[in-house]
Amino acid sequence: MPSALALPAELTIYTAAETRPQWLAWLAADDAESLQVDASGVTEVDAAGVQLLVALDRALAAQHRGLHLQGPSPALRGACERLGLTGLLEDGLPAGAEA
């Protein structure tokens, strides 16, 4: 099984295009029911970065799997709070939640 995914320091519109394929490859290589993601190193995040996390959460939910963000950084917590997505920080969004 692959090691836990670590989010990049910069999770923004400028890194989303290169980050997404890496995450898809990681998802394909790991069949665990619940995936652990180290979110402690995120220093810069914007709405596009949070949107990418929501897409990851939804892709996992479609496979009946869960997303667990470990140690979300203050930057990530702040971005999720501003966007009304604090549920993403507590083991993914609730079923049926809109982002």
Requested in this report: Provide the per residue accessible area, probe 1.4 Å, for the chain, rounded to a whole number of square angstrom.
Outcome: 55 Å²
**Report entry** Distance between modelled label sites at HIS64 and LEU24, nm, 7 Å Cα→Cβ extension
**Finding:** 2.5 nm
Requested in this report: Report the full-extension gain for the segment GLN36 to TYR14: residue separation times 0.36 nm, less the Cα-Cα distance, to one decimal in nm.
Outcome: 5.5 nm
Requested in this report: With the full set of protein chains in place, find how many percent of the accessible area of the stretch 17-88 is carbon and sulfur; take the probe as 1.4 Å.
Outcome: 52 percent
Report summary line: A student applying the Cα gyration tensor rule (rounded when a/c is under 1.5; otherwise prolate if a/b is larger than b/c, oblate if not) would label the stretch 1-63 prolate
Requested in this report: Between ALA59, ALA48, ALA32, find the one with the highest GNM mean-square fluctuation for the chain; connect C-alpha pairs within less than 10 Å.
Outcome: ALA32
Query raised in the report: Under the Karplus relation 6.51 cos²θ - 1.76 cosθ + 1.60, θ = phi - 60°, what is the ordered set of whole-Hz ³J(HN,Hα) values for the stretch 78-86, x standing for Gly and Pro?
Result: x, 5, 5, 5, 4, 8, x, 10, 5
Query raised in the report: Build a GNM of the chain with springs between Cα atoms under 10 Å: which of GLY71, GLY84, GLY41 gets the top mean-square fluctuation?
Result: GLY84
Report summary line: Mean-square fluctuation maximum in Gaussian network of the chain, Cα pairs under 10 Å, restricted to LEU60, LEU69, LEU24, hits LEU24
Query - Under Karplus coefficients 6.51, -1.76 and 1.60, residue-wise ³J(HN,Hα) of the stretch 50-57 in Hz, glycine/proline x - result: 5, 4, 5, 5, 4, 5, 4, 4
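The values are calculated or read from the model by the stated rules, or taken from the named source; none is laboratory data. Keep in mind the model is a prediction, meaning the values are calculated, not measured. Every residue, glycine as well, gets a Cβ built from its backbone with ideal geometry; the counts of neighbours run over all protein chains shown. Side chains are part of the model used for accessible areas, which takes the heavy atoms of the whole protein and leaves out ligands, DNA and RNA. Shrake-Rupley method; radii C 1.70, N 1.55, O 1.52, S 1.80 Å.
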